[in-house]
Amino acid sequence: MAQIPIGIEDPSAAYKGPLMLASGYRPFFLMAAFYAVGALGVWLAALGGHLPIDTYWHGHEMVFGFGIAAISGFLMAATPKWTATPNIQGLPLAALIVTFLLGRIGFWAQPWTDALLLLDLLYLPLLGAFMVKVIIGTGNKRNYIVPMILFALAGANALFHFHPNPSVGLATGIYLIASLLALIGGRIIPAFTQNALRMKYGPKLACQTPALLDKLSVPLVLGVAATEPFQLPMLSGGLAAAAGVVLLLRIVGWNSLKTFHDPLVWILHVAYLWLPLGFFAKAGTDLLGLFVASTALHALTAGAISLMIIAVASRAALGHSGRALKATPATVFAYFLLIGAAVTRVFLPFDFATHLAGGLWVLGWGVFAITYWPVLAHPRIDGMPG
């Protein structure tokens, strides 16, 4: 199986400005981590009756705040390698950071004024435009779907703002992010796993995915996202069931049970497994009424999205900083805390579970932020630029 050209270990081109504007993965991964702690901490305070914010605020800022920040960091690390182009850096990167933060200011001001709320609509179209220039402008056809999904996410965000039921836009956004996870995860997980396992077991070991499953997985997930705004539970539930089956079968050939020696690899598999779990829960909700809607959404957000973010961010940060791809005990501790948060939020049917899951989430992302601040906020240890 060919290696996937994400190239997280490659240094970026020489850059003379502030380090935080040398590459977008640095500020956006850090913003994602600190925002995970801050926004969820605020939500826990609101649950205790101490702040005037509601469930929609919480959901939006986890998806379009935390989630989009992390996706931005990944794309700004990956697209230069996909397209052989320079990093987005300097003033263009500063403009993206400011625009993203303006959206957060607008949402934080919401309990007191709606005047700034629409600032939140600016960032995703701007990011999409950058990705169009980099990906489509270089003819990188394999990744044309990425800016398309970003613009679809901008539409989901607009649905959140303007649809009579904001949860429609929120759920649509979650399924669109899940489609990115299905796309990117299906590339990097077998590639990184095969590379790691060959070092341990020899060059003949292979991680394989039937081509048909790769072709079906992303369209099925996008189908769930596309049908969500129309509130057609039988159709969306059927698509979700099919997506769950395809996503689960996809991982069968990836040798997941051989990865326990390498936390940077097994966390990718754990994160990915929450994808079919989330879509099976969606199917169970829409077709059989077995669960409340939030079960599927939290399986995808607290489970798949959060865990895939920490898996990719920790690996990318180590590679881009010139460090060995080896997880520290603190990193592994953060992994387990976030796994515990997901399991608690999705599977424990008790009133205290939400608070316990939130506490584990805040602690897990806090450990990540503290551990990776020296990695992301300081120059590479090998003296290379980037």
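The values are calculated or read from the model by the stated rules, or taken from the named source; none is laboratory data. The structure displayed is predicted, hence computed values, not measured ones. Cβ coordinates were reconstructed from backbone atoms using ideal geometry, including for glycine residues, and neighbour counts include every protein chain displayed.
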Would you mention how many residues in the range 119-129 are crowded, with 23+ Cβ neighbours inside 10 Å and within 20 Å of Trp82 (Cα to Cα)?
1
Can you give me the number of residues within the range 156-180 that are in a helix (DSSP H, G or I) and surrounded by fewer than 17 Cβ atoms within 10 Å (Cβ to Cβ)?
3
Look at Thr301 and say whether it is closer than 22 Å to Leu248 by Cα and either outside any loop (DSSP other than H, G, I, E, B) or at pLDDT 95 or above (or both).
yes
Answer yes if at least one residue in the range 83-103 is buried (at least 16 other Cβ atoms within 10 Å of the Cβ), of a type in the set (Ser, Thr, Tyr) and within 19 Å of the chain's Cα centre (by Cα), and no otherwise.
no
Can you spot a residue in the range 258-279 that is assigned to a helix (DSSP H, G or I), over 28 Å from Pro164 (Cα atoms) and small (Gly, Ala, Ser)?
yes
Of all residues in the range 279-301, count the ones that are farther than 15 Å from Thr55 by Cα and under 20 Å from the mean Cα position of the chain (by Cα).
7
Residue that is surrounded by 15 or more Cβ atoms within 10 Å (Cβ to Cβ), free of Cβ contacts under 8 Å to residues at least 60 places away in the same chain and not in a helix (DSSP H, G or I), where the choices are Leu213, Leu183, Leu205:
Leu205
Collect the residues in the range 322-331 that are buried (at least 16 other Cβ atoms within 10 Å of the Cβ) and under 20 Å from Asn195 (Cα atoms), keeping them in residue-number order.
Gly322, Leu325, Ala327
